[in-house]
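Visitor: Structure below; questions to follow.
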Amino acid sequence: MLNLKEKLKPYRTLVSNFTSLSVLQAANYLFPLIILPYVVRVLGPGKYGLINFAVAFIAYFNLISEYGFNLSGTKAISLVRDSKKELSRTFSVILFIKIVLSVFSFVILLVIVYSIPFFNNNWEIYLLSFGMVIGWILFPGWFYQGIEKMKYITIIQVIVRSIITVLIFILIKQESDYLLLVILHSIAQILIGIAGLIVVRVKFHVKFCIPAFIDVKNQFKSGWNIFQSMIAINFYTTSNTFILGLFASETVVGYYAAADKIRIAFQGILSVLSQSVFPYVNNLYQESYQKFKSFIRLLLKIETSIGFILSLVMFIFSYQIADFLLGEKFIVSGEILRIISVIPLIVSISNVFGIQTILSMGYDKVFNKIISSAAIIHLILLLVLVPKYFAVGTAYAVVLTEFIVLLFTFFFVYKRKLV
């Protein structure tokens, strides 16, 4: 027992961070999964599809405001976490940039919503959904991941989402309550964001100060390649619902969104693992290349095993899962879920090669080229498949694109013999 403790000692922080992130992602994935059966039955495929289309549209503005700091910010914080002065400085620069970009994003949203009839018809849902962007911008998840201490904010996340979940069951009673559902989600995200900032100040004594122009410029420059990659990644993930909504009805969007929501919930454990090890892998690469390679090989085995099990369960029980969670009105979602069930396995492998290896070793431009190329291919696939096959076409386009990303990342790592 003593020997086991000694062996696990170097991984204590990693295990603690993984545990906290597991609970945090449970709040992000399981709570929506809990309310999913109720919400889809009350709102129906149409209104549920409209909400998901709005969230997919708003995600573009969040993408601009985030500027890829969920990765570049995490990396920047992890490198200065031992210096209180540099920690405050880096934190201030990143938060300042995010706030400025969010204001810029909101102005763009107003112009689009009030000038284009397609969006003007449902202007309320788009403006109310922007509250989620405000919450996402305020929430310093990148800070907590960078210092590898997620337990504080995890408690806040669970408490707030538990309360909101209860309120949804109490207040959402009919189809016309769809705007109230958006308001509740926005309030939850804003509360989480504010609480996260308070903990940063009170617990870690990090102060916010107006950053110097040169610091802002440098942070913009260092995060540019990752930001471009995030645009491309967003294009073949979140954008699928948005693009589908341009060709298909809100009901069809609802079928696809519901199936994808289940897939994301299943895939949550992989997201937890990826976010947990990213700062650890970055530091390990700086310390020892041999240890880095050994850990990457171990991580590949673990993620692939988890991904295989998740994909197998989703494929075998896709129709049963859809019927149980969504009801008979969403039977089409079962077919979509079976098609996209292979994604967890594909992503489990490409994540290790892409995020954990290529990015951690500083090949930001290479990663950006891979993702950008995949995004272009994905656009072509969507334009070919979606107009004719709608939700099913979208599902096949996503699977093919994820597989292409896997091939690109694998061949780069294999050719360079990085691990």
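Visitor: Quickly run through segment 156-175 and pick out the residues that are in a helix (DSSP H, G or I) and either of a type in the set (Ser, Thr, Tyr) or more than 22 Å from the chain's Cα centre (by Cα) (or both). Steps first, please.
Guide: Of segment 156-175, the ones in a helix (DSSP H, G or I) are 156-171, 175.
Ser162, Ile163, Thr165, Val166, Leu167, Ile168, Phe169, Ile170, Leu171, Glu175, listed by residue number.
Visitor: Please specify each residue of segment 77-94 satisfying the condition of being among the small types (Gly, Ala, Ser), modelled with pLDDT of 90 or more and in contact with a helix residue (DSSP H, G or I) (Cβ under 6 Å, 6 or more places away or on another chain).
Guide: Keep residues of segment 77-94 that are among the small types (Gly, Ala, Ser), which gives 78, 83, 88, 92.
Now narrow it down to the ones that are modelled with pLDDT of 90 or more: 88, 92.
None; the set is empty.
Visitor: Does Phe235 fit the bill of being touching a His at 6+ places or on another chain (Cβ under 8 Å) and of a type outside the set (Val, Ile, Thr)?
Guide: Values: touching a His at 6+ places or on another chain (Cβ under 8 Å): yes; of a type outside the set (Val, Ile, Thr): yes.
Yes, satisfied.
Visitor: Within segment 231-257, track down each residue that is surrounded by fewer than 20 Cβ atoms within 10 Å (Cβ to Cβ), β-branched (Val, Ile, Thr) and farther than 27 Å from Ile370 by Cα.
Guide: Answer for segment 231-257, where residues must be surrounded by fewer than 20 Cβ atoms within 10 Å (Cβ to Cβ), β-branched (Val, Ile, Thr) and farther than 27 Å from Ile370 by Cα: just Thr251.
Visitor: What's the total number of residues in segment 138-155 that are assigned to a helix (DSSP H, G or I), in contact (Cβ under 8 Å) with a residue 24 or more places away in the chain and within 14 Å of Ala195 (Cβ to Cβ)? Outline the logic, then answer.
Guide: Within segment 138-155, the first condition is being assigned to a helix (DSSP H, G or I), and the residues that meet it are 138, 141-147, 151-155.
Subset that is in contact (Cβ under 8 Å) with a residue 24 or more places away in the chain: 138, 141-147, 151-154.
With the extra rule that they be within 14 Å of Ala195 (Cβ to Cβ), the set shrinks to 138, 141, 143-144, 151-154.
Total satisfying the criteria: 8.
Visitor: Just give me the residues in segment 162-189 being over 27 Å from Glu250 (Cα atoms) and of a type outside the set (Gly, Ala, Ser), in sequence order. Quick ask: steps written out before the conclusion?
Guide: Keep residues of segment 162-189 that are over 27 Å from Glu250 (Cα atoms), which gives 162-163.
Scanning segment 162-189 gives a single hit, Ile163.
Visitor: Would you please list the contacts, defined by Cβ atoms under 6 Å and residues six or more apart or on different chains, that run from a residue in segment 292-321 that is of a type in the set (Asp, Glu) to a residue that is part of a helix (DSSP H, G or I) and surrounded by 15 or more Cβ atoms within 10 Å (Cβ to Cβ)?
Guide: Note: pairs meeting the criteria are Glu303/Ser348; Glu303/Val352.
Visitor: Considering (1) among the charged types (D, E, K, R); (2) under 20 Å from the mean Cα position of the chain (by Cα); (3) surrounded by fewer than 22 Cβ atoms within 10 Å (Cβ to Cβ), say which one Asp260 fails and leave the rest.
Guide: So Asp260 meets the others, but not (3).
Visitor: Among the residues of segment 194-215, which ones are surrounded by fewer than 20 Cβ atoms within 10 Å (Cβ to Cβ) and within 20 Å of Asn62 (Cβ to Cβ)?
Guide: Those that are surrounded by fewer than 20 Cβ atoms within 10 Å (Cβ to Cβ) and within 20 Å of Asn62 (Cβ to Cβ): Ile194, Ala195, Leu197.
The values are calculated or read from the model by the stated rules, or taken from the named source; none is laboratory data. Please read all numbers here as calculations on a predicted model, not as lab measurements. Backbone-built Cβ (ideal geometry, glycine too); neighbour counts: all protein chains shown.
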